[in-house]
1. Using the count of nearby Cβ atoms within 10 Å as a rough guide to exposure, how do 130, 16 rank from fewest to most?
2. Between helix 118-144 and the chain, what is the angle of the helix's C-alpha long axis to the longest principal axis, kept within 0 to 90° and rounded to the nearest 10?
3. How much FRET efficiency would the formula 1/(1 + (r/R0)^6) give for residue 169 and residue 132, where r is the Cβ-Cβ distance and R0 is 41 Å, rounded to 0.05?
4. For the chain, compute Rh as the Kirkwood radius over C-alpha pairs and then the Stokes-Einstein diffusion coefficient at 37 °C and 0.692 mPa s; write the answer in µm²/s, rounded to an integer.
5. Please report, in debye to the nearest 20, how large the charge dipole of the chain is about its Cα centre when each Lys and Arg carries +1 at its beta carbon and each Asp and Glu carries -1 there.
6. For the range 103-190, rounded, prolate or oblate, judged on the Cα gyration tensor with a ≥ b ≥ c (square roots of eigenvalues), a/c < 1.5 rounded, else prolate if a/b > b/c?
7. To the nearest 10 degrees, how steeply does helix 147-162 sit against the main Cα axis of the chain, on a 0 to 90 scale?
8. Before anything else, pin down the relative contact order of the chain: Cα pairs under 8 Å, at least 6 apart, normalised by residue count, whole percent.
Amino acid sequence: MRFQDHFPIWDQLTLSQQQQLLDVLSFQTVKQGTLLHGAGASCTGLHLIQRGQLRAYVFSEEGREITIYRLFDGDLCLFSASCVIRNIQFDLLIEAEKDTEFWTIPASIYRRLMAESAAVANYTNELMASRFSEVMQRMEQFIWKSLDKRVAAFLLQESAIERNCRLKITHETIARHLGSHREVITRMLQ
């Protein structure tokens, strides 16, 4: 597949902007478990996923993780280029949950396109609003829902993602997604 087939606003760019993007794109394949963006990492660029699955998460001071959102085929990862968006003041980690293929758009080029193109700026704002909504839903679950309900919701979501009722997932993985401890998840599932 071509980048043009995955970038939803391709037809709204000028021919010059399209060529500018094609000239600087890089394509990568990473294995499951690869950390694409870590705490304090430089602004690597935006990742447009052709195939695969990424997980964006944060660490607590105690070393626990909580998944903020997940990205799938066709999704654009903005926070791997947090320098494109002003006033981002938190460290987000991005890891490949499955073997993943993606294009990287350099942050400087994307920033320039946002300044030149209302379509790119609007698309970016829509993505930001969507990610913000996902983060708020996670926070709401974390704050207001009991752990047993969060575990049940996570397992249902995971089943939908995998399109299978039989999940091959460890208690540790569930705990990492939900910001809990493996022992707590094990007790909960018993």
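1. Listing 130, 16 from fewest to most nearby Cβ atoms yields 16, 130.
2. It works out to around 10 degrees.
3. Calculated transfer efficiency: 0.90.
4. 184 µm²/s
5. Computed about the Cα centre, the dipole is about 360 debye.
6. prolate
7. 50 degrees
8. The normalised contact order for the chain reaches 25 percent.
Every number here is computed from the coordinates shown, using simple stated rules; none is lab data. Because the structure is predicted, anything quoted here is derived from the model rather than measured. With ideal geometry, Cβ positions are generated from the backbone for all residues, glycine too; neighbour counts draw on all protein chains shown.
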